[in-house]
Protein chains: 2
Amino acid sequence: MTILETQGLAAKNASRILAVADTAQKNGALEAVASALLARQGDILSANAMDLAAAREAGMRQSLQDRLALDENRIAGIVEGVRQVCALPDPIGAVTKMDKRPNGLIIGRRRVPLGVIGIIYEARPNVTVDAAALCLKSGNAVILRGGKEAFHSNEMLVRIMRDALESALLPRDCVSLVMDVSRESAAGLMNLTGYLDVLIPRGGAGLIRSVVENARVPVIQTGVGVCHVYVHEKADLQMGAEIIYNAKTSRPSVCNAAECLLVDRAVARDFLPMAWAFLKNKGVELRGCPETRAILGEVVIPAAAGDWDTEFGDYILAVKVVGGEDEAIHFINAHGTGHSESIVTADYFAAQRFLDEVDAAAVYVNASTRFTDGFEFGLGAEIGISTQKMHARGPMGLEELTSSKYIVYGTGQIR
Amino acid sequence: MTILETQGLAAKNASRILAVADTAQKNGALEAVASALLARQGDILSANAMDLAAAREAGMRQSLQDRLALDENRIAGIVEGVRQVCALPDPIGAVTKMDKRPNGLIIGRRRVPLGVIGIIYEARPNVTVDAAALCLKSGNAVILRGGKEAFHSNEMLVRIMRDALESALLPRDCVSLVMDVSRESAAGLMNLTGYLDVLIPRGGAGLIRSVVENARVPVIQTGVGVCHVYVHEKADLQMGAEIIYNAKTSRPSVCNAAECLLVDRAVARDFLPMAWAFLKNKGVELRGCPETRAILGEVVIPAAAGDWDTEFGDYILAVKVVGGEDEAIHFINAHGTGHSESIVTADYFAAQRFLDEVDAAAVYVNASTRFTDGFEFGLGAEIGISTQKMHARGPMGLEELTSSKYIVYGTGQIR
């Protein structure tokens, strides 16, 4: 048995106990985690300082150093997150669709944990605790494989959580960290069949592609978002300008930010200058089709073919004039990543058609794509945003971390 | 573009139209399929005769020839299956959990098709029509890749279905067959990312393992069943004997048949002879632990280590005496495949504990494992039995062939 298989077996055994733990015990463990993180924040900050020193020495980009860094405020935020998860309803145990069959069998479908969840993510120590808390509440053991640059931080956070689990009389192995941060360990996790019930990659497009291409365990694909805002000819143009401004600039690095603006030819000449009046305030770079350039002039860089399929994650926006809703829907289904898509229109039938025909996790009428988020959707929390169609689509909360089991009560039935 | 990619793109385009087709149109297409299969049964039987002649020449096993063969009765059965699917409720379009958020956004979750489903299966022409009908009703385009020994039958069945689709004004490419039956085409289907939303292998353990190991597209793992019947010390022993007899012998080749009997030590001496009195009628071969042999004697072959993990699919039963429910649950979770597991007991707490702690798609009290089936569970039909925990677990009916889409109605909300 490899080290990873041993860890997988330990997690699987722990998951059997956690799966039948009651809500009070899981909440007790989460409260113990929250208290311990506060009580031991000195240890956490020391470990994080080691990671930060190494990061500076290695010349890590400032934005990545920012994501790596912890301080008292951030730890307080992490602890608050754990307490919010603690306050959410327990998703486990509900029985849906119970029915009595003609032969007298009573058949119900009970919500149960997935089992053991693997999470591969980048150097963000907050994810270590967020993900563990969500898995714990949903009755799943978790194997965390964080970015190597956050190793000391993660190691300390996981140690504190394991101690807290033990104090709440749950197995330490409900939460564990892959200690080997080489590429081989990531590949090992992707192939840990028999132990991992699902693997969730959280991070950039490269990480997600690598997991999808190499994993033999079931994967939930998250995150990549090439999102569109489509301004229909019957749009309230002022609303359209505010929505694209918000969708592009309120947080350009996230997956629900807009990357492409589509505008109907009938209103392009009126709308594009209005949108630009907003967008220029944040110095947004426009990459446009020839018609866009004809209207807005030299501020628009000619779009290259690849721009229509790129998640810029920055203050860059592709802009295209289209002939109407047919072309817009076809373009979105061809170039979008199935994440979040929005139409701005005052026309009832155009709105309904967009909702019907655009194939994405979240389809909006007259609102910013930025709302695709577990908290905004009322799920209370999220472990990521699924862009695949199997199992879960869109923001994944606690229920999306569950499976089901048929329970059958008989009185001797044979077939 | 490869031929398979071209086929994938055609299926994807067809799926966009099928996804928004209304129930009447889908039912019209299914009725047209049913009528056309009856009207053209001469063509079907001629094509099937070619496959059968080749199979005989190649010396195909008789049981496989039986599965390959069609006749008027079997075609009538296939047509009846299509009409049953037609009569089922349309799973698409229902909106669940619609809610108004504090910011005024109205957010709902709508049930939508998965998109394009791939099915890899063995030389069983009935699966060609069954699977296509289920996919059609659930709004999914399907790419079928059947066993090469059934190629002529499949080609004719698919041609008839495509003609019927066209007559119902739906795209022919809603249903298509992979024409290349080499291993390469199976591998190509497993890697048709960007076109296939999910791949379902239907067949033996070897096929399923190959798909799980090689596929880059999302897969639903089906079928392998090492199922147990556990006779608890408080069991009605007569009921236990009838249940293990039914679970083992009513159809030993299927995945919900029992492969292993566990019996509590306290009742083994009374129970095993009762069970054997039934099982010997079908000439069941017992492979037992030493205690089983001590009780039943020479009729029991000593079990080899691998027997506890084998889906015999035949009149063979592994038998083990256990010390109680602890050991039974531990053994089942270690050696079962998470398919169907049953306890026979009159003890309330033993029953509830078994339902809680056994990790399987279907867990039974006092009933045969043979009921794990879409029809028996009231789903109306099934495309297979999932033994994984993601997306769907247990029998998969029409709802399990769907995904969801968040629809969001706004009035200009930005974040």
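The values are calculated or read from the model by the stated rules, or taken from the named source; none is laboratory data. Keep in mind that this is a model prediction, so the values were computed, not measured. Backbone-built Cβ (ideal geometry, glycine too); neighbour counts: all protein chains shown.
Descriptive notes on the structure:
- Given (1) in contact with a strand residue (DSSP E or B) (Cβ under 8 Å, 6 or more places away or on another chain); (2) over 30 Å from B:G115 (Cβ atoms); (3) of a type in the set (F, W, Y), index of the condition B:Y195 fails: (2)
- Exactly one residue among B:V158, B:V212 is surrounded by fewer than 21 Cβ atoms within 10 Å (Cβ to Cβ), more than 15 Å from the chain's Cα centre (by Cα) and not in a strand (DSSP E or B), and that residue is B:V212.
- Residue in region A:283-319 that is surrounded by the fewest Cβ atoms within 10 Å (Cβ to Cβ), counting only those that are in a strand (DSSP E or B) and of a type in the set (D, E, K, R): A:E285
- Residue in region B:11-26 that is in contact (Cβ under 8 Å) with a residue 24 or more places away in the chain and within 19 Å of B:V181 (Cβ to Cβ) present: yes
- Within region A:181-209, tally of residues that are acidic (D, E), more than 14 Å from chain B (Cβ to nearest Cβ) and surrounded by 16 or more Cβ atoms within 10 Å (Cβ to Cβ): 0
- If you go through region A:320-336 and pick out every residue that is closer than 13 Å to A:V229 by Cβ and crowded, with 22+ Cβ neighbours inside 10 Å, you end up with 5.
- Within region B:37-83, the set of residues being exposed (fewer than 14 other Cβ atoms within 10 Å of the Cβ), under 25 Å from the mean Cα position of the chain (by Cα), modelled with pLDDT of 95 or more and among the polar types (S, T, N, Q) comprises B:N73 only.
- In region B:285-331, residue nearest to B:A235 (Cα to Cα) [restricted to those that are touching a residue at least 60 places away in the same chain (Cβ under 8 Å) and of a type in the set (D, E, K, R)]: B:E325
- Helices (runs of 4 or more DSSP H) within region B:1-102 that include 2 or more residues among the polar types (S, T, N, Q) and farther than 21 Å from B:G380 by Cβ: B:3-19, B:41-57, B:62-68
- Among the residues making up region B:27-41, those that are touching a helix residue (DSSP H, G or I) at 6+ places or on another chain (Cβ under 7 Å) and closer than 15 Å to B:R162 by Cβ are B:A29, B:L30, B:A32, B:V33, B:A34, B:A36, B:L37, B:R40.
- The number of residues in region B:218-237 being at the interface with another protein chain (Cβ under 9 Å from one of its Cβ atoms) and either touching a Ser or Thr at 6+ places or on another chain (Cβ under 8 Å) or closer than 30 Å to B:D326 by Cβ (or both) comes to 3.
- So A:T402, is it facing chain B (nearest Cβ under 10 Å) and closer than 19 Å to A:R111 by Cα: yes
- Pick from region A:2-24, criterion closer than 15 Å to B:A360 by Cα and in contact with a strand residue (DSSP E or B) (Cβ under 7 Å, 6 or more places away or on another chain), ranking: surrounded by the most Cβ atoms within 10 Å (Cβ to Cβ): A:S15
- Within region B:198-209, the set of residues being in a helix (DSSP H, G or I) and out of contact with any strand residue (DSSP E or B) (no Cβ under 7 Å at 6 or more places or on another chain) comprises B:A205, B:G206, B:R209.
- The condition (being in the same structural domain as A:V158 (by TED's automatic domain parsing), buried (at least 18 other Cβ atoms within 10 Å of the Cβ) and farther than 28 Å from B:R393 by Cβ) is satisfied by just one residue among A:P91, A:P113, A:P125: A:P125.
- Within region B:337-349, the set of residues being surrounded by fewer than 23 Cβ atoms within 10 Å (Cβ to Cβ) and either within 8 Å of chain A (Cβ to nearest Cβ) or in contact with a strand residue (DSSP E or B) (Cβ under 9 Å, 6 or more places away or on another chain) (or both) comprises B:T337, B:A346.
- All of (1) in contact with a helix residue (DSSP H, G or I) (Cβ under 7 Å, 6 or more places away or on another chain); (2) more than 11 Å from every other protein chain (Cβ to nearest Cβ) hold for B:L105 with one exception: (2).
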